[in-house]
1. Which condition number does residue 91 fail, the rest of (1) part of a loop (DSSP other than H, G, I, E, B); (2) closer than 30 Å to residue 157 by Cβ being met?
2. Out of curiosity, is residue 165 part of a strand (DSSP E or B), touching a helix residue (DSSP H, G or I) at 6+ places or on another chain (Cβ under 6 Å) and within 24 Å of residue 365 (Cβ to Cβ)?
3. Is the stretch 148-162 home to any residue that is modelled with pLDDT of 95 or more and exposed (fewer than 15 other Cβ atoms within 10 Å of the Cβ)?
4. Any idea which residue in the stretch 451-482 is surrounded by the most Cβ atoms within 10 Å (Cβ to Cβ), counting only those that are without any contact (Cβ under 8 Å) to a residue 40 or more places away in the chain and part of a strand (DSSP E or B)?
5. Of all residues in the stretch 364-422, which are surrounded by fewer than 18 Cβ atoms within 10 Å (Cβ to Cβ) and within 15 Å of the chain's Cα centre (by Cα)?
6. Within the stretch 348-371, how many residues turn out to be modelled with pLDDT of 90 or more and more than 22 Å from residue 269 (Cβ to Cβ)?
7. Among the candidates 388, 445, single out the residue that is in a loop (DSSP other than H, G, I, E, B) and either farther than 19 Å from residue 102 by Cβ or touching a residue at least 12 places away in the same chain (Cβ under 8 Å) (or both).
8. Could you tell me whether residue 83 is surrounded by fewer than 16 Cβ atoms within 10 Å (Cβ to Cβ) and in contact with a helix residue (DSSP H, G or I) (Cβ under 8 Å, 6 or more places away or on another chain)?
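The values are calculated or read from the model by the stated rules, or taken from the named source; none is laboratory data. This structure is a prediction, so every number in the text was calculated from the model and none was measured. All Cβ positions, glycine included, derive from the backbone under ideal geometry; neighbour counts span all protein chains shown.
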């Protein structure tokens, strides 16, 4: 793979930050010769993990003097009641630094071909708990993109409110009711269509009301939201996007110990939506079903979504399907897992038939296919076998090959989030291209994770004739959580 050399200024800046974080790891990553994995079994209680959603962490376990201590624990657990260890304040922080080299953003069609840059995300949070019933959570972010030539709303958002909500947890009729009101992040399942958007630099939050009731094997969710509109003109200038609204109702049920099924109905509305064949106000009524689980060496995750509605004077009829299956040889050397991913999403078959068939991926996560994020879930057929191995307990190495086609040649090839590649709609050729992927993830400790990803995308004739180029991506990331 012919990746070009990176600009020395960006690379040096990234390596400086990365080595600084790894040095800090040495002082906080392990205490008393034990980490999180060593405390399980018959030993003392386990310290909380650093979770994807920081507000889900429960640091009241630090009220137990038997729990292993680390530097900074006086700020992770600040007791506020002598009688109730569940009443406390916890502070947290997270830093993610990623160097990216991409020689053909959007396949080089109508954009600068060569970009080397660093994206940096810093977050601090405060979590106030009162008697296991009331939670006040606030998180501030500062997202920067150094040396990136073309900035988009997902690249940079300096000094703004990422989350701020109040939550109530209350037993009700043999179950547990949870209510969250305010700015919050949420995603469903593998986050194919409703996500926190962790791949790019600026995550997606929603100004929302969320109602969650768990009873026995079932969980019921109702929500209504306005996705946050991100700006970077001055500090704390993000607000609700009144042009977008999203809400619905979801039911989940565990059907046996390691599998569950879920379904939800939701409505998505957007003012001034744009597609190659039409523009106007958009309303989509959405039905989604999801089934995931494990059984012995097998694992699976299958999801299907149907969308109906209207945009301007046209009706909408669109669909998408996604599946990931795998078989793991747990007793073999390096525990290899052979995986297969199949995805498909509809495109607009007849631009002049007064019906829009293009699937809207809603809030895609940005790394469902690869971190390079060359294509999105619209007018797509995707087939990808993969092999994942674990040479070390904390080291994952994945290799994959992906083949992509358009579902219909009458519609465009789409890049994230839903941008048609100019000059592809209505041109012949189903084949979009083939990519190769190598990804390495290393969880150095419970605090620090390192990742490398390399992607090469070999284009088909349609995008190449529209002015596109074969694309190379390299990403190197260090993440620290406290």
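1. Condition not satisfied by residue 91: (1).
2. Criteria not met by residue 165.
3. no
4. 451
5. Scanning the stretch 364-422 gives no hits.
6. Going through the stretch 348-371 one residue at a time, the tally reaches 6.
7. On the way: 388 fails: in a loop (DSSP other than H, G, I, E, B).
That would be 445, the only listed residue that is in a loop (DSSP other than H, G, I, E, B) and either farther than 19 Å from residue 102 by Cβ or touching a residue at least 12 places away in the same chain (Cβ under 8 Å) (or both).
8. No: the conditions fail for residue 83.
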